[in-house]
Structures are given as structure tokens and as C-alpha cells.
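Enquirer: Would you mind keeping the following structure in view while I ask a few things?
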Amino acid sequence: MSTVIDKAPTVPAPVATRRQPVPAVLALARFEARQLLVQIPVFFFLLLYLGSTGWKLLSPREDMNDYPILQDTDRATQPGTLLLAIAVFICVNVAVQRSRRHGTDRHFDVLVLEPWRRTVAHALSVVPLAAVTALGSAVEFGWAALKPGAVGHGSVAELATGPLVVLLSGVMGALTARLYPSVAGGPLVVVVGFGTLMVASSLLGDVHWLIWLHPLVSETSNNPIPSDLLGRPAAWHVLYLAGLSALLLCVAALVSGGRTRLLKAMTVVALGATAAGIAGQSPGDDPALMAARTKASVTPEAFQSCMAHGRSTYCSFPEWTGWRDDWAKVVDRVQDLAGGGAGGARLTIRQRIPVVHQLEGDAATEPLRTPGVVTAGTRWGGNRIPEFAVGVASVLVAGDEQAVSEMCDARVVTVMWLAMAAQDDPMTAFRNVRLDDSITGSAVALAPTNPVGMSAEQTRIVRELLGRPLYGVTARVKAHWTELTSPKTSEARVAELLGVPAANNGTDKEESCRE
């Protein structure tokens with residue numbers, strides 16, 4: 001009799017596996033980052049951002065960009081990231097909902113990553129794009145800072161704002177997808193968000209604390225001011241953006257089922273950072289700062305140092321000392337063309353700014369009644385050079401800037417010829433310095449302070465003179481300087497002294513004065 005013994009199959013003991021969520025989250029974030037980059041909206045606006053940045057760096061134009069103001073350059077890097085941020089928001093929102101649209105949510109239950117960790121990975125997928133914008137901002141600022149004519153001081157906080165906005169947009173896209181899992185959710189939030197901001201701005205006006213709740217607050221102006229007078233809470237704003245990004249990320253994780261102690265602690269810390277940033281950026285301009293701005297406008301000499309150069313003295317705010325030699329070249333060239341005592345007059349070139357109440361304002365700089373003082377602005381290059389030359393020539397002819405603003409006689413011909421003849425390309429400078437960009441008819445010529453009005457006849461005479469050899473006109477100007485700079489001399493007489501046939505007997509002069 002045989003005995004059969006059944007042997008139970010050997011079952012291996014379960015092996016305890018330790019989850020490694022952090023590497024898994026990072027791996028998913030890298031995958032989603034690659035997927036995000038090939039999305040058409042993100043790819044297009046990233047190329048647009050890089051192209052516009054490259055164009056600003058490599059543009060062949062010679063203008064004010066050759067003399068950048070670094071405290072304005074850092075803010076100029078921010079607006080270019082806004083369209084990219086919107087594209088990132090929408091595409092991250094769509095990516096988070098991919099599994100729901102494809103019906104694969106149930107399959108994720110067997111993976112090592114819980115839903116809240118996958119949400120964190122989607123938010124982290126934006127980090128490479130934020131890094132690209134940070135690199136773009138750094139390159140743009142560094143390119144400007146390395147230019148020989150660069151002045152001022154930039155801010156790391158201002159440069160960090162653009163990349164943080166891109167990062168915040170990705171986090172908001174992930175949170176929106178968890179709160180409202182619909183493809184229409186992203187575009188709807190964009191439209192409603194912008195609409196709310198516009199309505200709030202129209203109802204409440206320019207309220208400081210409300211404005212600084214916006215992701216970007218660029219506040220650009222045509223009149224740069226010293227960096228220590230800006231008073232922008234840029235560092236607090238960066239804390240606000242960073243804290244808000246972390247807070248919304250924690251909320252998205254909590255909504256997705258995250259309940260760890262670390263996550264809850266991070267939520268509290270992020271909430272505190274956001275509140276601190278809002279509190280720090282909310283107060284308006286300090287009264288002491290406003291008083292300092294007014295003092296810098298009314299008595300700039302209290303903030304400036306001066307340097308003697310040739311016949312004149314040049315005074316500027318500390319950050320603009322590198323431009324004094326450029327001012328001196330223009331002053332010397334204009335004075336070399338002048339006659340009488342003006343050729344050797346000792347001028348004071350003083351840099352001035354208008355009274356600044358808001359950084360976005362473009363107030364005009366009032367002319368001075370002080371004889372021999374010429375105003376220099378805080379921008380240079382491009383049209384600012386012939387405009388400054390107009391200011392120098394005006395003071396040489398009329399004595400002071402206030403007299404120039406009241407001048408509407410034939411002396412305008414001498415002023416404009418002195419200023420334009422001192423330029424490398426007189427006719428182009430003459431066209432650019434006039435408000436209507438023409439060389440015919442009556443117009444207004446810009447200057448650092450009040451503009452100079454020109455009649456059609458004065459325009460014609462100046463145009464004729466600029467087309468003639470410089471040495472011949474210079475000799476006539478020097479020989480008849482006294483009569484050319486007299487307010488009693490008519491346009492017909494000025495034309496005769498300078499060898500230009502008069503088209504009329506000065507009938508345009510009274511018309512120009514009335515204008």
C-alpha cells in the first residue's frame with residue numbers, strides 16, 4: 001500500500017517595501033515638465049518671450065537703451081513673463097485633469113503616489129519654466145549693466161518677481177483643476193480674474209494696497225529718479241508671491257487628500273509668510289520719502305556732487321556721474337559755434353527731476369530763472385541728446401530757461417541752428433527733436449524743460465542753414481551774434497544776416513506767439 005503525502009506549496013513571506021515618495025514626485029515632475037514644454041500655448045509664448053528678450057538685447061538701434069537706468073531695467077524684465085504665465089496656468093490646469101478626461105484615475109490607486117503627491121508634482125513641473133524666465137531676466141539685466149553708459153542700481157527682488165509669477169501661475173492651475181475639474185475652468189478663471197481686477201481698479205481707484213496685490217506692479221515713467229527715492233516694497237512683494245505660491249500649493253495638496261503633519265505645518269508657515277508680505281507691501285509711500293522726493297526736485301544740489309570740466313560745471317545725482325563727460329561733449333560743441341560772450345560763458349549743468357508724487361507720473365521739469373544754468377534730465381541717448389543741445393543753446397541765447405519758454409521771436413532760429421549744427425546728423429536730429437517729426441511748417445521742438453515753438457518761416461530758415469557748409473554759417477553767426485540774439489531783430493533780418501532769402505516779412509512770428 002502506497003502513501004501519498006501532499007506537500008503544501010511554499011508561499012514566500014511578504015517583503016516590506018518602503019515607499020520613496022520624494023524621488024517618485026520628482027520623477028513625475030520631470031515627466032510633466034517635458035509634457036508641458038511641448039504644449040502649443042506654452043511653447044509658443046516661451047518662444048515669444050525668448051525672442052522678445054533677444055530682440056531687446058541685439059537690437060541695432062542707438063537710442064536710450066545705450067544708456068540704461070538699472071533701477072528701471074530690473075522692472076522692465078517683468079511684463080514679458082505675463083503671457084507665458086497665463087499659458088502655463090491653462091496648460092497645467094489641463095494636465096492635472098488628463099487622467100480624469102481619459103478615465104484612468106482608478107488605475108493610479110496601485111501606484112506609489114497618492115493623488116496629493118501627484119498634484120505637487122504637477123505644480124513642480126513649472127519650476128524649469130520659472131528657471132528659464134529667471135535666466136532670461138538675469139541675462140537682460142546683466143547685458144544692460146555691462147553697457148558703458150549704464151547707471152543706477154538694480155534690485156534682486158525686482159528681478160525675481162517675473163519668475164515667481166510664472167511659478168504662481170502653475171500652482172494656481174493645479175489648484176483650480178482640483179477645485180473645479182473641468183476643461184473650461186482654466187479659461188474661466190483667467191477671464192473672471194482679469195474682469196475682477198479691472199472692476200476693482202475702476203471702483204477703488206489707485207489704492208496702494210490693492211495695486212500691490214496684483215502679481216506685477218511695474219510703475220514705469222519717462223523720468224527716472226534715484227534708486228533710493230523709489231520706495232517700492234519689492235522685497236515684501238517677493239515674500240508675498242513666494243508665500244502665496246507655497247500656500248496655494250499646500251491647499252491644493254490638502255484638497256487632494258494630503259493630511260501629513262509636515263504638510264499642515266508648511267501650510268501654516270506659508271500662510272504666515274503671505275500675510276507678512278501683504279502687511280509689508282500695503283502701506284503707502286512714507287511721508288519722509290515723499291519729503292525727500294520733493295527736496296530732490298526743488299533743491300537737487302543737496303543730493304548732488306559737481307565737477308568742473310572745461311568752461312562749465314556739471315552737477316548730477318551720485319548714480320549719474322558717468323554721464324558728465326557725455327554732457328560736456330554736447331556743451332562744448334554748441335559753445336564752439338556760438339559768438340560773443342556766449343562762446344566762453346561759464347555754464348552750470350544741473351541734473352534735475354520733476355516733483356514725483358507717483359512713480360507712473362510724467363510731470364514736466366519746470367524751467368529755472370537762474371542765469372547760466374542748464375537742466376539735464378535723467379535719460380540720455382537718442383533724442384535726449386539734441387533735446388539737451390536745445391536747452392544749452394537756449395540758455396546761451398536767452399540767458400536763462402524761463403526766458404526761453406517765453407521766447408517766440410527770431411532768436412529761435414539761432415537757438416535751433418546752434419543745437420542742431422552740433423549734432424552728427426543735423427537734419428535727422430532736427431526732424432527727431434520736433435514733436436511732429438517734420439522739417440516743414442510750424443512745430444514744437446522739445447527741450448529738457450519747456451519746449452521751443454517754431455513758426456513755419458523759422459523752420460524754413462533753419463532747414464536752409466543746416467543744408468549749408470558748417471564753417472560758412474558759423475562765421476556769419478559769430479560775426480552777427482549781437483543782432484542775432486536780440487529780441488528786436490525780425491525774422492527777415494535774421495535771414496538776411498545769415499544769407500538765407502526770406503520768404504516773407506515775418507508774418508509767421510505773431511502766429512507762432514499766439515500758438
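Enquirer: On the accessible surface of the range 314-358, probed at 1.4 Å, how many percent belong to carbon and sulfur atoms?
Expert: 48
Enquirer: Here's another thing I want to ask about it. Over all alpha-carbon pairs of the range 383-515, lay out the pair-distance distribution in 5 Å bins, whole %, shortest bin first.
Expert: 2, 12, 24, 27, 23, 11, 1
Enquirer: Of all the Cα-Cα pairs you can form in the range 193-287, what percent are over 18 Å apart?
Expert: 58
Enquirer: Between ALA288 and ILE40, what is the label-point separation in nm under the 7 Å Cα-to-beta-carbon projection?
Expert: Each label point is offset 7 Å from its Cα along the Cβ direction, giving 5.6 nm.
Enquirer: Need one number: % antiparallel among DSSP beta bridges in the chain, to the nearest 5.
Expert: 55
Enquirer: Mind listing P(r) for the range 246-388? All alpha-carbon pairs, 10 Å bins, whole percents.
Expert: 9, 27, 20, 11, 11, 11, 7, 3, 0
Enquirer: Computed from the coordinates I sent, mean projected area of the Cα convex hull in nm² equals one of (1) 34.0; (2) 23.4; (3) 25.8. Tell me the label.
Expert: (1)
Enquirer: If you stretched the chain out fully between HIS357 and VAL298, how much longer would it get, using 0.36 nm times the residue separation minus the C-alpha to C-alpha distance?
Expert: Gain in length upon complete extension: 19.9 nm.
Enquirer: Scan the range 384-442 for GluC sites (Glu not before Pro) in coil per DSSP, keeping those whose Cβ has at most 14 other Cβ atoms within 10 Å, and list them by number.
Expert: Within the range 384-442, the qualifying GluC sites (Glu not before Pro) (loop, at most 14 other Cβ atoms within 10 Å) are GLU406.
Enquirer: Report ³J(HN,Hα) in whole Hz for each residue of the range 461-471, in order, from the Karplus equation J = 6.51 cos²θ - 1.76 cosθ + 1.60 where θ = phi - 60°; Gly and Pro get x.
Expert: My calculation for the range 461-471 gives 5, 4, 4, 4, 5, 5, x, 9, x, 5, 5 Hz in order.
Enquirer: Mind giving me the FRET efficiency for ALA275 and SER305? R0 is 51 Å, r the Cβ-Cβ distance, nearest 0.05 is fine. Display every interim value, and only then the final one.
Expert: Numbers: r = 43 Å, r/R0 = 0.84.
Computed FRET efficiency for ALA275 and SER305: 0.75.
Enquirer: For VAL255 and THR370, what is the calculated FRET efficiency with R₀ set at 51 Å and r taken between the beta-carbons, to the nearest 0.05?
Expert: Numbers: r = 67 Å, r/R0 = 1.30.
That pair, VAL255 with THR370, gives E of 0.15.
Enquirer: For GLU496 and TRP209, calculate 0.36 nm times their separation in residues minus their Cα-Cα distance, and state this gained length in nm to one decimal.
Expert: 97.0 nm
Enquirer: Please calculate how many Å² of accessible area the range 388-515 carries per residue, with a 1.4 Å probe and no DNA, RNA or ligand atoms counted.
Expert: It amounts to 40 Å² per residue over the range 388-515.
Enquirer: How big is the range 246-310 in terms of Cα radius of gyration and Dmax, in angstroms?
Expert: Computed over the Cα atoms of the range 246-310, radius of gyration and Dmax are 23.8, 75 Å.
Enquirer: Nearest 5 percent is fine: what portion of the DSSP beta bridges confined to the range 237-356 is antiparallel?
Expert: Beta bridges within the range 237-356, antiparallel portion: roughly 60 percent.
Enquirer: To the nearest 20 debye, what is the magnitude of the charge dipole of the chain about its Cα centre, counting +1 on the Cβ of each Lys and Arg and -1 on the Cβ of each Asp and Glu?
Expert: 2200
The values are calculated or read from the model by the stated rules, or taken from the named source; none is laboratory data. All of these numbers come straight from a predicted model, not from anything done at the bench. Here the Cβ is made from the backbone with ideal geometry for all residues, glycine too, and neighbour counts use every protein chain on show. In case anyone asks, the SASA skips ligands and DNA or RNA and just uses the protein heavy atoms, side chains included. Shrake-Rupley method; radii C 1.70, N 1.55, O 1.52, S 1.80 Å.
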